[in-house]
Every structure is written in C-alpha cells, then in structure tokens.
Amino acid sequence: MELNKDLVAASATPLVLAILAEGDSYGYAIIKRVAELSGGHLQWTDGMLYPVLHRLERQGFVEANWVTSDTGRKRKYYRITAEGRAQLAAQRQQWQVVDETLRGIWMKACPA
C-alpha cells in the first residue's frame, strides 16, 4: 500500500518528535524507527527527514550535537527540547481529534 504524500508529510513532525521523546537519536536511526513503527509502510529517505529535522531545530523543538563514536565516526544526534515536548503534546491532541473524527464518520459510512 502506498501512502498519500500529503499524509506522510503531515505526520512527519509528530513522528519525529515522538521518536526523539523516546531518546536522543540520529538520522538513519530515526528513518529505521519510522519504518519499524509503520510495519514498513513508511519508507522515509534522507531527503525527506533532514528538512524536517532542520525546521524543528530552527523552531527550537530539537537541538543537535555531534558525537564521535568509538570507531571515530561522527554522528549528529538530535534531542527534543522542552518546547518540543510541549509541541508534541499539542500535536498529539490535534491528531487525536482527527482520528476520532475519522473513526466516527467511517463507522457510520462504512460499517463492518
């Protein structure tokens, strides 16, 4: 099943913030976590994720820092801020309204 691009784009911010609320992470790990959470239905790319991360960083919802691993490789880790947690809570409330609304109409329009 291919998901609509608008739906994928709309869900990017709450997904990234929720993943970072689980703990600090870096780009590739975030992409893998999205795929895992969606059962493989969401296949994000670097070109989709990094603009979201950069926007969230500009908005003050995430902070980034470079970390050098034991092997000497540098990775940019992202961390959710207090403002990001507040934004995540607001996004959650908004998505719950959308979810409840859709479930309500679908139960009437498409009974099982």
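Highest-first packing order for the peptide set 12-22, 51-61 is 12-22, 51-61, based on the mean count of other beta carbon atoms within 10 Å. Counting Lys and Arg as +1 and Asp and Glu as -1, what is the net charge of the other residues whose Cβ lies under 14 Å from the Cβ of Arg75? Residues close to Arg75 contribute a combined charge of +2. Our summary gives the range 5-109 a relative contact order of 27 percent, counting only alpha carbon pairs under 8 angstrom and 6 or more residues apart. Between helix 82-109 and the chain there is an angle of about 20 degrees, using the helix long axis and the longest principal axis of the Cα atoms.
Amide H contacts of Ser25 (H built 1.01 Å from N, in plane; Pro and chain starts excluded): Tyr78 sit under 5 Å, all sequence-distant by 5 or more or on other chains.
Grab the DSSP H runs of the chain that are 4 residues or longer, score each as -39,500 (n - 2.57), total them, divide by all residues and round the 222 nm result to the nearest 500 deg cm²/dmol.
Using -39500 (n - 2.57) per qualifying helix, the result is -21000 deg cm²/dmol.
Take every pair of alpha-carbon atoms less than 8 Å apart whose residues are at least six positions apart; their mean separation over the length of the range 20-69 yields a relative contact order of 23 percent. Computed over every Cα-Cα pair of the range 5-109 and binned at 5 Å starting from 0, the pair-distance distribution P(r) comes out as 2, 11, 20, 22, 19, 12, 6, 4, 2, 1, 1, 0 percent.
Cross-link partners of Lys74 among lysines, defined as those whose alpha carbon lies under 23 angstrom from its own and excluding same-chain residues fewer than eight positions apart: Lys32. The calculated FRET efficiency for the pair Ala109 and Leu3, based on their C-beta separation and a Förster distance of 22 Å, comes to about 0.60.
Remark: the chain carries a charge dipole of roughly 140 debye about the Cα centre, counting +1 on each Lys and Arg Cβ and -1 on each Asp and Glu Cβ. Distance in nm between label sites at Glu100 and Lys76, each 7 Å beyond Cα in the beta-carbon direction? Result: 3.8 nm between the two label points.
Ranked by the mean number of other Cβ atoms within 10 Å per residue, highest first, peptides 63-70, 23-30 order as 23-30, 63-70.
Bear in mind these aren't lab numbers, they're just calculated from the coordinates by the rules spelled out. These figures come from a predicted structure and were not determined experimentally. All Cβ positions, glycine included, derive from the backbone under ideal geometry; neighbour counts span all protein chains shown.
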